[in-house]
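The next block holds one structure in the form of structure tokens; read it before the comments.
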Amino acid sequence: MDGHGGMRKISSHASMAEMDDFDLTRLLDKPRLNIERQRSFDERSLSELSAGFARAGVDNYDNYSPGGRSGFNTPASSARNSFEPHPMVADAWESLRKSLVHFRGQPVGTIAAVDHQSEEVLNYDQVFVRDFVPSALAFLMNGEPEIVRNFLLKTLHLQGWEKRVDRFKLGEGVMPASFKVLHDAVRKTDTLIADFGESAIGRVAPVDSGFWWIILLRAYTKSTGDLSLSESDSCQKGMKLILTLCLSEGFDTFPTLLCADGCCMIDRRMGVYGYPIEIQALFFMALRSALSMLKQDTADGKECVERVVKRLHALSFHMRSYFWLDFQQLNDIYRYKTEEYSHTAVNKFNVIPDSIPEWVFDFMPTRGGYFIGNVSPARMDFRWFALGNCVAILSSLATPEQSMAIMDLIEARWDELVGEMPLKISYPAIESHEWRIVTGCDPKNTRWSYHNGGSWPVLLWLVTAACIKTGRPQIARRAIELAESRLLKDGWPEYYDGKLGRYVGKQARKYQTWSIAGYLVAKMMLEDPSHLGMISLEEDKQMKPVIKRSSSWTC
């Protein structure tokens with residue numbers, strides 16, 4: 001029993017990385033290993049990561065502590081004397097702990113914001129599944145896994161509820177968008193109230209909640225080495241329900257997941273209906289995470305693994321082939337012929353070259369690239385979306401060459417994508433007549449605000465993780481320094497407005513929990529890069545793309 005919630009210590013010499021770096025074609029015949037481990041991410045030690053940075057040509061990685069685990073991870077004050085943290089760190093931890101939510105005496109999550117200046121509470125006093133992820137990672141990195149375990153179990157319990165919106169029953173595997181705890185001081189009882197979309201703006205169910213839940217379950221398992229939770233019957237069933245819901249066959253001819261506007265972090269109408277990059281990247285990452293945890297000792301378990309393997313192959317090919325955009329591919333689309341028929345068609349989605357927006361020609365550097373926002377018949381959404389591209393790197397949906405190209409793009413277009421406050425959630429903003437049509441005249445999503453080109457500090461942890469994985473920590477360090485110049489002084493806002501992210505968002509809540517947690521996670525990962533293994537998946541050697549058209553990947 002340790003001092004943070006009685007998590008058992010597990011000693012072993014094996015690593016869960018063996019379950020991540022699998023050969024998909026041989027996995028189905030591979031006997032399940034009883035894998036345990038002693039400490040988090042020992043398979044990707046600091047020395048190994050440093051060697052990787054050296055191979056990548058990074059010679060200024062000077063802020064790492066060669067002594068191993070940093071003081072961030074040890075609750076005892078004696079361990080914190082090994083280095084002097086930034087003054088913001090103490091305030092961030094204090095604010096994060098103030099956001100804790102308890103159910104029957106146990107911490108089960110963190111509320112979205114502790115903004116005492118705001119008159120309207122709305123739903124910011126609830127525990128959101130997607131919002132809690134950076135908080136969970138911060139607690140795991142700090143050696144406090146109990147709250148994460150409690151959260152995973154409570155949301156799993158809520159998944160089993162019957163879910164109805166206006167008398168219509170939702171799918172069995174849907175995870176809640178959020179939940180709140182009602183305390184009855186008179187009866188001394190606590191009650192959980194879940195929201196599956198029936199109270200959300202636009203009444204849209206969260207597609208990403210189930211994916212984040214699976215990803216967080218793997219992060220917990222990797223961090224603690226405790227397999228008992230992921231291997232429990234309830235968690236195995238929960239994963240299968242989520243996967244069954246997403247892998248169900250229908251009329252769609254694409255391996256991507258068809259989604260409505262507002263089903264993810266961009267939870268208002270922003271023209272991402274169809275196959276948004278954020279959902280596809282999270283879908284891919286959740287499939288790979290589940291594959292490392294699913295048991296095959298039953299017929300349905302083996303069948304589920306088979307379906308996941310097949311979908312992963314199709315999804316990786318589709319995304320790497322059709323969602324990827326670089327200078328050469330943009331030029332190819334510009335020269336597309338239309339009305340092509342049969343299997344030999346080059347312009348498979350019948351995209352009209354005249355539909356390419358003017359801004360993308362100037363935005364695209366000769367070296368670099370990114371996964372575009374959406375691809376569907378006769379339509380390509382060329383906008384940049386930060387979360388989808390970062391998750392593509394972390395999940396290895398992006399090839400190593402594509403990952404480096406995304407980093408090249410961020411560096412080449414620093415003012416546009418980072419500016420004065422990391423990081424633009426999308427680029428560019430839509431405005432004027434297009435804004436009226438796409439957003440429905442949404443007063444919150446005006447140009448360069450909120451989801452329409454606003455800057456979100458929470459994305460700092462994602463871009464930091466992507467930078468570390470690609471051996472470009474100097475990019476993360478520069479972004480963190482920008483955040484440290486403003487975040488605390490401005491009261492940890494939810495988002496910033498303006499082309500450069502110079503202004504606190506017009507409706508941004510202060511002391512937004514995931515802004516606080518995102519900063520902490522970024523700092524801890526930069527101090528101890530071995531934390532990356534909690535949220536990163538290495539490339540599967542069997543999912544190489546059959547693509548030869550991009551010269552910028554290897555420049």
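The values are calculated or read from the model by the stated rules, or taken from the named source; none is laboratory data. Keep in mind that this is a model prediction, so the values were computed, not measured. Please note: Cβ atoms are built from the backbone with ideal geometry, for glycine as well, and neighbour counts cover all protein chains shown. Keep in mind that these areas ignore ligands, DNA and RNA; they rest on the heavy atoms of the full protein, side chains included. Shrake-Rupley method; radii C 1.70, N 1.55, O 1.52, S 1.80 Å.
Between a first residue in the stretch 424-452 that is free of Cβ contacts under 8 Å to residues at least 60 places away in the same chain and a second residue that is buried (at least 22 other Cβ atoms within 10 Å of the Cβ) and among the acidic types (Asp, Glu), which pairs have beta carbons less than 7 Å apart while being 6 or more apart in sequence or on different chains?
Close Cβ pairs satisfying both conditions: Trp448/Asp497; Ser449/Asp497.
Kindly indicate whether Ser342 is in a loop (DSSP other than H, G, I, E, B) and of a type outside the set (Lys, Arg). Talk me through it step by step, then tell me what you get.
Details: in a loop (DSSP other than H, G, I, E, B): yes; of a type outside the set (Lys, Arg): yes.
It is true that Ser342 is in a loop (DSSP other than H, G, I, E, B) and of a type outside the set (Lys, Arg).
Every residue in the stretch 414-433 that is open to solvent by less than 40 Å² (accessible area, probe 1.4 Å) and touching a Pro at 6+ places or on another chain (Cβ under 9 Å), please.
Passing the criteria: Met421, Pro422, Leu423, Pro428.
Could you check, for the stretch 193-200, whether at least one of its residues is modelled with pLDDT of 95 or more and open to solvent by less than 10 Å² (accessible area, probe 1.4 Å)?
There is no residue in the stretch 193-200 that is modelled with pLDDT of 95 or more and open to solvent by less than 10 Å² (accessible area, probe 1.4 Å).
If you take the residues in the stretch 313-370 that are under 17 Å from Thr256 (Cα atoms) and among the small types (Gly, Ala, Ser), which one is surrounded by the fewest Cβ atoms within 10 Å (Cβ to Cβ)?
Across the stretch 313-370, the extreme among qualifying residues is Ala314.
May I ask you to list pairs of residues, at least six apart or on different chains, whose Cβ atoms are under 6 Å apart, with the first in the stretch 372-396 being free of Cβ contacts under 8 Å to residues at least 60 places away in the same chain and open to solvent by less than 10 Å² (accessible area, probe 1.4 Å) and the second being assigned to a helix (DSSP H, G or I) and among the β-branched types (Val, Ile, Thr)?
Matching pairs, first to second residue: Phe382/Val360.
Run down Ser230, Ser223, Ser209 and say which single residue is open to solvent by less than 10 Å² (accessible area, probe 1.4 Å) and not in a loop (DSSP other than H, G, I, E, B). Steps first, answer last, please.
On the way: Ser230 fails: not in a loop (DSSP other than H, G, I, E, B); Ser223 fails: open to solvent by less than 10 Å² (accessible area, probe 1.4 Å).
After applying the criteria, what remains is Ser209.
Tell me, which residue of the stretch 143-170 that is assigned to a strand (DSSP E or B) and of a type in the set (A, V, I, L, M, F, W, C) is most open to solvent (accessible area, probe 1.4 Å)? I'd like the intermediate steps shown before the answer.
Just the residues of the stretch 143-170 that are assigned to a strand (DSSP E or B), to begin with: 164-165, 168-169.
Keeping just the survivors that are of a type in the set (A, V, I, L, M, F, W, C) gives 165, 168.
Details: Val165: 29, Phe168: 146 Å².
Here the answer is Phe168.
Residues are listed down the side, and each one gets a yes or a no for (1) surrounded by 19 or more Cβ atoms within 10 Å (Cβ to Cβ); (2) closer than 24 Å to Glu539 by Cβ:
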position: Leu217; (1), (2): yes, yes
position: Thr256; (1), (2): yes, yes
position: Cys264; (1), (2): yes, no
position: Pro276; (1), (2): yes, yes
position: Lys295; (1), (2): no, no
position: Ala299; (1), (2): no, no
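Count, please, the residues in the stretch 234-275 that happen to be among the small types (Gly, Ala, Ser), touching a residue at least 60 places away in the same chain (Cβ under 8 Å) and either part of a helix (DSSP H, G or I) or on the phi < 0 side of the Ramachandran plot (or both). Spell out the reasoning first.
If we filter the stretch 234-275 for residues that are among the small types (Gly, Ala, Ser), which is where we start, we get 234, 238, 248, 250, 260, 262, 271, 274.
If we keep only those that are touching a residue at least 60 places away in the same chain (Cβ under 8 Å) as well, we get 234, 238, 262, 271, 274.
With the extra rule that they be either part of a helix (DSSP H, G or I) or on the phi < 0 side of the Ramachandran plot (or both), the set shrinks to 234, 238.
Total meeting the criteria: 2.
Confirm whether Val346 is among the β-branched types (Val, Ile, Thr), under 23 Å from Tyr275 (Cβ atoms) and in contact (Cβ under 8 Å) with a residue 40 or more places away in the chain.
Values: among the β-branched types (Val, Ile, Thr): yes; under 23 Å from Tyr275 (Cβ atoms): yes; in contact (Cβ under 8 Å) with a residue 40 or more places away in the chain: no.
For Val346, the condition - among the β-branched types (Val, Ile, Thr), under 23 Å from Tyr275 (Cβ atoms) and in contact (Cβ under 8 Å) with a residue 40 or more places away in the chain - is not met.
Can you name the residue in the stretch 404-413 that is out of contact with any Asp or Glu (no Cβ under 9 Å at 6 or more places or on another chain) and closer than 30 Å to Ala345 by Cα and is also most open to solvent (accessible area, probe 1.4 Å) among such residues?
Filtering the stretch 404-413 down to residues out of contact with any Asp or Glu (no Cβ under 9 Å at 6 or more places or on another chain) leaves 404, 406-408, 410-413.
Subset that is closer than 30 Å to Ala345 by Cα: 404, 406.
Details: Met404: 63, Ile406: 2 Å².
Looking at the filtered set, the residue picked out is Met404.
Hey, could you check the stretch 102-137 for residues that are more than 25 Å from the chain's Cα centre (by Cα) and among the hydrophobic types (A, V, I, L, M, F, W, C) and say which is farthest from Thr155 (Cα to Cα)?
Only one residue fits best here, namely Val121.
Cβ contacts < 9 Å: first residue under 16 Å from Val108 (Cα atoms), restricted to the stretch 191-206; second residue in a strand (DSSP E or B) and among the β-branched types (Val, Ile, Thr), any location; separation 6+ or different chain. Result?
Within 9 Å, the pairs are Thr191/Val181; Leu192/Val108; Leu192/Val181; Ile193/Val181.
Scan the stretch 99-117 and tell me whether some residue there is of a type in the set (Lys, Arg) and either in contact with a Pro (Cβ under 7 Å, 6 or more places away or on another chain) or open to solvent by less than 60 Å² (accessible area, probe 1.4 Å) (or both).
Going residue by residue through the stretch 99-117, those that are of a type in the set (Lys, Arg) are 104.
Filter again for either in contact with a Pro (Cβ under 7 Å, 6 or more places away or on another chain) or open to solvent by less than 60 Å² (accessible area, probe 1.4 Å) (or both), leaving none.
The answer is no, given that none of the residues of the stretch 99-117 is of a type in the set (Lys, Arg) and either in contact with a Pro (Cβ under 7 Å, 6 or more places away or on another chain) or open to solvent by less than 60 Å² (accessible area, probe 1.4 Å) (or both).
Just name the residue that is farthest from Lys240 (Cα to Cα) out of those in the stretch 154-176 that are among the aliphatic types (A, V, I, L, M) and free of Cβ contacts under 8 Å to residues at least 60 places away in the same chain. Break it down stepwise before answering.
So the first thing to find is which residues in the stretch 154-176 are among the aliphatic types (A, V, I, L, M), and the list is 156, 158, 165, 170, 174-175.
From the residues that got through so far, the ones that are free of Cβ contacts under 8 Å to residues at least 60 places away in the same chain too are 158, 165, 170.
Values: Leu158: 15, Val165: 23, Leu170: 16 Å.
Taking the candidates together, the pick is Val165.
Checking Phe361 against (1) in contact (Cβ under 8 Å) with a residue 60 or more places away in the chain; (2) in a helix (DSSP H, G or I), which test does it fail?
Among (1) in contact (Cβ under 8 Å) with a residue 60 or more places away in the chain; (2) in a helix (DSSP H, G or I), Phe361 violates only (1).
Please specify each residue of the stretch 103-145 satisfying the condition of being closer than 19 Å to Leu462 by Cβ and among the aliphatic types (A, V, I, L, M).
Ala112, Val129, Val133, Ala136, Leu137, Ala138, Leu140, Met141
Within the set of pairs 6 or more residues apart or between chains, which connect a residue that is touching a residue at least 24 places away in the same chain (Cβ under 8 Å) and open to solvent by 10 Å² or more (accessible area, probe 1.4 Å) inside the stretch 512-527 to a residue that is among the β-branched types (Val, Ile, Thr) and assigned to a helix (DSSP H, G or I) with Cβ atoms less than 9 Å apart?
Trp514/Val133; Trp514/Val458; Lys523/Val89; Lys523/Thr464; Lys523/Ile480; Leu526/Thr464; Leu526/Ile468; Leu526/Ile480
Of all residues in the stretch 118-141, which are at pLDDT below 95, closer than 16 Å to Ala508 by Cβ and either open to solvent by less than 10 Å² (accessible area, probe 1.4 Å) or among the acidic types (Asp, Glu) (or both)?
Glu119, Glu120
Could you list, ordered by first residue, the pairs with Cβ atoms under 7 Å in which the first is in the stretch 465-485 and of a type in the set (Val, Ile, Thr) and the second is part of a loop (DSSP other than H, G, I, E, B) and open to solvent by less than 10 Å² (accessible area, probe 1.4 Å), at least 6 apart or interchain?
Sorted first by the residue in the stretch 465-485, then by its partner, the list stays empty.
I'd like to check something: does the stretch 122-140 contain any residue that is in a strand (DSSP E or B), more than 28 Å from Asp226 (Cβ to Cβ) and not hydrophobic (A, V, I, L, M, F, W, C)? Quick ask: steps written out before the conclusion?
Going residue by residue through the stretch 122-140, those that are in a strand (DSSP E or B) are 127-128.
From what is left, the residues that are more than 28 Å from Asp226 (Cβ to Cβ) are none.
Looking through the stretch 122-140, none of the residues is in a strand (DSSP E or B), more than 28 Å from Asp226 (Cβ to Cβ) and not hydrophobic (A, V, I, L, M, F, W, C).
Quick check on this structure: which one of Ile480, Ile516 is closer than 29 Å to Trp359 by Cβ and within 21 Å of the chain's Cα centre (by Cα)?
Values: Ile516 fails: closer than 29 Å to Trp359 by Cβ.
Only one candidate passes the filter, namely Ile480.
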